[in-house]
Amino acid sequence: MGVKRKAAAAILVLLLFLGFQWLQGGLDYQWDSCFKGYNQVNTLHNSSGADGAEGPQPLEECPGQTFQVSLLLSHLLAAPAYTSDVLLQPYLSSWDELVRFMEALGPMVGQISKEIESKTSIIRQLALLAEGDPEAELGPDIHSINSVSVKPGAKNNQEHTGGYHSVRSMIWVELNRGQVDFHHQTDSGCRTLLRLHRALLWLKLFLEKLAETPGAGRLRSPSELCREAYKSTLANHHTWFVRRAAELAFIAMPERGFFFKLVCVQSQEELGTVLNRVVQAIGEVYDRTQRALEENGMLDLP
């Protein structure tokens, strides 16, 4: 019994460490969510390969589930704006739903979501603080932000409104106010967004792998797929200890049948259809965010 208790204690320590260090760097505080949840009807734009002339049908609510894939898809589809921007409110609401997705996978995987929640709370709090600060506001021509790449340290005298309205407006405001440090860790919205951005790639790749239906051979376990997705994404930014703790969390991931129930489908083919739509929507948001961060030299913020 003593050995078992020691092993359980060791696992708990690893999980707590993972929860705080998951996105590279624990925080000393965590703000409460301040934006109201983004609420929008789940509709899809027409796209090539759609299910019929009018495009895929909206996903229905899954009874009895805390995580709702239909809400996740709605938020993701609402996030892209203008030609190359991402609206922060639906972006953060997408993360709210992804947190519920991770929490549904059990307490060991759910520990990972705690650090993500702290990241979304930081951006929401910064947005609230900026509402009362004229220096953080953007001008009426917010569309112009999409066509301008702001150089690190650049200044601009344009007046602003809604500084944390979108990814590019947040980048513009924080660079203009000198809030982004390219050499030291800060709790700027841009650095926080980068950590979320890296985690989004991990989840995108995991869901993409989970949606696959191989032509021959067995379906690999979700645990194996999640571990593989992690190794090619977030693991590149984590310490050895965090990587080992992540491996431990993935071992406890549910089997594939659990994911059928989670999104209310009956087969791998149906699961693939639903997840591919989610992956496509994540990809659009990810690519736009990637371009905005890359154009402003922010892909390696400490």
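The values are calculated or read from the model by the stated rules, or taken from the named source; none is laboratory data. Being a predicted model, the structure only gives us computed values, none of them experimental. No Cβ is skipped: glycine too gets one built from the backbone with ideal geometry, and neighbour counts run over all protein chains shown.
For S144, the criteria (1) surrounded by fewer than 20 Cβ atoms within 10 Å (Cβ to Cβ); (2) part of a loop (DSSP other than H, G, I, E, B); (3) modelled with pLDDT under 60 hold in every case but one, which is (2).
Conditions tested, residue by residue: (1) within 17 Å of the chain's Cα centre (by Cα); (2) farther than 22 Å from M108 by Cβ.
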residue	(1), (2)
N176	no, yes
D181	no, yes
K204	yes, no
G215	no, yes
S223	no, no
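Residue count for the range 62-108 under the criterion of being over 15 Å from the mean Cα position of the chain (by Cα), in a helix (DSSP H, G or I) and either of a type in the set (D, E, K, R) or at pLDDT below 95 (or both): the result is 3. In the set (1) in contact with a Pro (Cβ under 7 Å, 6 or more places away or on another chain); (2) without any contact (Cβ under 8 Å) to a residue 60 or more places away in the chain; (3) basic (K, R); (4) over 25 Å from Q57 (Cβ atoms), R243 fails one condition alone, (1). Here is the figure for the range 79-89: residues that are of a type outside the set (S, T, Y) and surrounded by fewer than 22 Cβ atoms within 10 Å (Cβ to Cβ) total 4.
Residues are listed down the side, and each one gets a yes or a no for (1) touching a Pro at 6+ places or on another chain (Cβ under 6 Å); (2) touching a residue at least 24 places away in the same chain (Cβ under 8 Å); (3) of a type outside the set (F, W, Y):
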position	(1), (2), (3)
S232	no, yes, yes
H237	no, yes, yes
E247	no, no, yes
F250	no, yes, no
G257	no, no, yes
Y286	no, yes, no
Q290	no, yes, yes
L299	no, yes, yes
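Scanning the range 248-277 for residues that are of a type in the set (D, E, K, R) and either loosely packed, with under 14 Cβ neighbours inside 10 Å or out of contact with any helix residue (DSSP H, G or I) (no Cβ under 7 Å at 6 or more places or on another chain) (or both) returns E255, K261, E269, E270. Figure legend. Inter-residue proximity from the range 189-213: first residues without any contact (Cβ under 8 Å) to a residue 40 or more places away in the chain, second residues not in a helix (DSSP H, G or I), beta-carbon distance below 7 Å, spacing 6+ or different chains. Indicated pairs: W202/T233; L205/S232; L205/T233.
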